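Structure first, then comments.
The values are calculated or read from the model by the stated rules, or taken from the named source; none is laboratory data. If you're wondering where the values come from, they're calculated on a predicted model, not measured in any experiment. With ideal geometry, Cβ positions are generated from the backbone for all residues, glycine too; neighbour counts draw on all protein chains shown. Just so you know, the surface numbers come from the protein's heavy atoms only, side chains and all, with ligands and any DNA or RNA stripped out. Shrake-Rupley method; radii C 1.70, N 1.55, O 1.52, S 1.80 Å.
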Amino acid sequence: ILLMNIGLGSLIVAIAAAIISWVNARWISKPLERMKLRALRIAAGHRSGRLVEEGSEEISTLANAINLMLIQLDDRIRYIERQRSEQDAVFSSISDGVLAIDAHGLLLTINTTAANMFELKQSNLRGRPVSDAIQNADLREFIRITLQTNDEVEDEILLGELDPRYIQLHGRPLRDAEDRIIGAVVVLNDITRLRRLEKARRDFVANVSH
């Protein structure tokens, strides 16, 4: 009987210990599972919402640290988005055409003026190869030369046949914060009015001399 009582008591203790362990495990694992799901949502781009600081002191401290990280991350992303918006506004308002290409010949960005010069749809150009995005062979060749020389280059091209426009091209390397060349920037100046004035002056001088 004594052995039976000891065995029964041991079984009860073992069951109680198992129950306590299961409760503790659930108490610990539930907050961790919520953290995991929150991390997955963050990775998917959902930044709203914060973790509930619950569970043990260690888990509560971890949740607090993650919440602080989320606040800092959100502030940083908003700052970058605001900067990007301001830069886009300035970039779009420039009267000259401007486009940037990476070292692999992919179009990084192009402003409205440049897109209008070549009758391009600005919305679907970023990330496309220059050879696909820009049909003008002279501009493509100028970009190729700019990327290869890694130095400032200049040229002039004609757009259109019936009423041609004179476009002056300025190309220079695009450098990162460590001064490494990562692509090129091309500035396009419409100098049609200037060229027409020069032609009118030459014609006038020629007529007077005769």
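About the Cα centre, and with charges only on the beta carbon of Lys, Arg (+1) and Asp, Glu (-1), how big is the dipole of the stretch 60-210? Nearest 20 debye, please.
Using only the charged Cβ atoms, the result is roughly 260 debye.
Using only the Cα atoms of the stretch 53-210, build the gyration tensor, take square roots of its eigenvalues as a ≥ b ≥ c, and label the shape rounded, prolate or oblate: rounded if a/c is under 1.5, else prolate if a/b is larger than b/c, else oblate.
Here the stretch 53-210 falls in the prolate category.
In nm, what is the difference between 0.36 nm times the number of residues separating ARG34 and GLU141 and their Cα-Cα distance?
Difference between extended and current length: 33.0 nm.
If you rank PHE118, PHE204 by how much accessible surface each has, with a 1.4 Å probe, what is the order from largest down?
Ranking PHE118, PHE204 by accessible area, largest first, yields PHE204, PHE118.
Please report the base-10 log of the normalised intensity I(q)/I(0) for the stretch 65-123, using a Debye sum with one equal scatterer per alpha carbon and no solvent, at each q in 0.26, 0.30 (1/Å).
-1.03, -1.14
Going by the alpha-carbon gyration tensor, a ≥ b ≥ c the square roots of its eigenvalues, is the stretch 115-177 rounded (a/c under 1.5) or, if a/c is not under 1.5, prolate (a/b greater than b/c) versus oblate?
oblate
May I ask you to derive the FRET efficiency for LEU197 and HIS104 from their Cβ-Cβ distance with R0 = 41 Å, giving the value to the nearest 0.05?
Computed FRET efficiency for LEU197 and HIS104: 0.50.
Once ligands and nucleic acids are excluded and a 1.4 Å probe is used, how much of ASP88 is accessible, expressed in Å² to the nearest 10?
The accessible area comes out at roughly 50 Å².
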